[in-house]
1. From the list A:Thr107, A:Thr127, A:Thr148, exactly one residue is touching a Ser or Thr at 6+ places or on another chain (Cβ under 8 Å) and under 21 Å from A:Ala185 (Cβ atoms). Which is it?
2. Based on this model, can you work out whether B:Pro139 counts as outside any strand (DSSP E or B), touching a residue at least 24 places away in the same chain (Cβ under 8 Å) and open to solvent by 20 Å² or more (accessible area, probe 1.4 Å)?
3. Go through (1) under 18 Å from A:Thr59 (Cα atoms); (2) surrounded by fewer than 16 Cβ atoms within 10 Å (Cβ to Cβ) and name the single condition A:Val158 misses.
4. Mind counting the residues in the range A:45-89 that are open to solvent by 40 Å² or more (accessible area, probe 1.4 Å), more than 9 Å from every other protein chain (Cβ to nearest Cβ) and either among the small types (Gly, Ala, Ser) or not in a helix (DSSP H, G or I) (or both)?
5. Taking the options B:Gly133, B:Gly85, B:Gly75, name whichever one is in contact with a Phe, Trp or Tyr (Cβ under 7 Å, 6 or more places away or on another chain), over 30 Å from A:Thr70 (Cβ atoms), in the same structural domain as B:Val60 (by TED's automatic domain parsing) and not hydrophobic (A, V, I, L, M, F, W, C).
6. Would you confirm whether any residue within the range B:58-70 is open to solvent by less than 90 Å² (accessible area, probe 1.4 Å), assigned by TED's automatic domain parsing to the domain that holds B:Gly156, within 25 Å of B:Asn101 (Cβ to Cβ) and among the basic types (Lys, Arg)?
7. What do you reckon, is A:Thr152 at negative phi, loosely packed, with under 15 Cβ neighbours inside 10 Å and among the β-branched types (Val, Ile, Thr)?
8. Assuming A:Arg103 fulfils every condition listed in (1) open to solvent by less than 60 Å² (accessible area, probe 1.4 Å); (2) more than 14 Å from chain B (Cβ to nearest Cβ); (3) more than 21 Å from the chain's Cα centre (by Cα) apart from one, which condition is it?
Amino acid sequence: MWKNIYLWLDERIGFNDLYKNLLDRPEPKTNWWNTLGSASLFLFILQGLTGIFLTVYYTPSPDHAYDSITYIMEGVAFGWLIRGIHHWGATLMVLVVFIHMLRVFYTASFKYPRELTWLIGIGLFLTTLGMGFTGYLLPWNQKAYWATTVGTQIAGTVPFVGEFILKALRGGPELSALTLQRFFAAHIWIIPAVLAALIGIHLYLIIKHGESHSPTKED
Amino acid sequence: MSDSHELSRRDFIKVTTGIVGGLIGAIIGLPSVYYLIDPALREGGKEAWIPIGKFEDMQVGTPYPFSFTRVQVNGWERTASSFGGYAIRKSDSPEDLLILNSRCTHLACTVNWSAEAEAFLCPCHDAAFDIEGEVLDGPPPRALDVYAEHRLTEDGIIEIFFKEA
């Protein structure tokens, strides 16, 4: 029976083509530095999953944000593990995405026909930083509060539109419940949606063009 | 390659990837399930004697309504839950007291005594129970629950034994 189900699905989906295009692509002879893109994708998925689990207990309100995180860390079974992975995975993701970017730069993989992949990659790096920035506020402790005060203040130094940007980020002139709520919305809905869409395009382009050869001495 | 008995390099990589991936999945997946269902595994079960009213205020044949709240710590918040019921006095003896839980046995709405209908009526799905708590009409699967244990204090107050779910 399983065989029949498999065949039915295969006829409509085409597992063989999927396998060939996604996992069995011809690869140039390269090294471990070329695995960092996959590592970034893995970390994105890991952050997504642990993040979804955290929202089961987290409350984005100034009254309860800190208490709910204390509860996750001390009250819920394996809460420390889920949050620990999300916490350290966040730092690791910024690091891995950045090193991935450096690798692409040093091997000149951004050149024709992969300029668009590179540009989208820049977008991916910036949105990853956005995830880090918005996620940092959510524990609503002293460090989070002041880091966001400073961060949004820096955004406010933009000439002419600075004050508008600052108010838009904070949801008002000062940090408040509105700031926490909109950072939460940005962190779990807006930026991940953008990130997922960009990753989709990025992956499509990589599959379309294949990986670039490592430059030789003649290059 | 495939007809040799030794594991090919390709197959080794596949198997290793599968095992490592499975391990990572299990290490994160199993605790995640525990994490999600953790509140359902908590044991409540705190016990208390709750005063519901003076025995002398309860009149024979007329259900005496009472309600009380219990505060429980749920996660990071203290939540007050309301409970209620009716005490039905049958004679002069405080032993001869039927104490019904006003939580409908159908889907947990609160029933109210209607003197007109001489029944406990549930506003949600038109259930009706008689003064003994037996089902008269509607969808409930069984009679109203009772608070089985009660006692009379020296001050003439009826207390019921309550155990949290």
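The values are calculated or read from the model by the stated rules, or taken from the named source; none is laboratory data. Note that the coordinates shown come from a computational prediction; the quantities given were computed from them, not determined experimentally. Positions of Cβ are generated from backbone atoms using ideal geometry, with glycine treated the same way; all protein chains shown enter the neighbour counts. Accessible surface areas use protein heavy atoms only, side chains included; no ligands, DNA or RNA. Shrake-Rupley method; radii C 1.70, N 1.55, O 1.52, S 1.80 Å.
1. A:Thr148
2. On the way: outside any strand (DSSP E or B): yes; touching a residue at least 24 places away in the same chain (Cβ under 8 Å): yes; open to solvent by 20 Å² or more (accessible area, probe 1.4 Å): yes.
Taking the combined requirement at face value, the residue satisfies it.
3. A:Val158 satisfies all of (1) under 18 Å from A:Thr59 (Cα atoms); (2) surrounded by fewer than 16 Cβ atoms within 10 Å (Cβ to Cβ) except (1).
4. 2
5. Working: B:Gly133 fails: in contact with a Phe, Trp or Tyr (Cβ under 7 Å, 6 or more places away or on another chain); B:Gly75 fails: over 30 Å from A:Thr70 (Cβ atoms).
None of the others qualify; the one that does is B:Gly85.
6. So far as the range B:58-70 goes, yes, one or more of its residues are open to solvent by less than 90 Å² (accessible area, probe 1.4 Å), assigned by TED's automatic domain parsing to the domain that holds B:Gly156, within 25 Å of B:Asn101 (Cβ to Cβ) and among the basic types (Lys, Arg).
7. No; evaluated as a whole, the condition is false for this residue.
8. (3)
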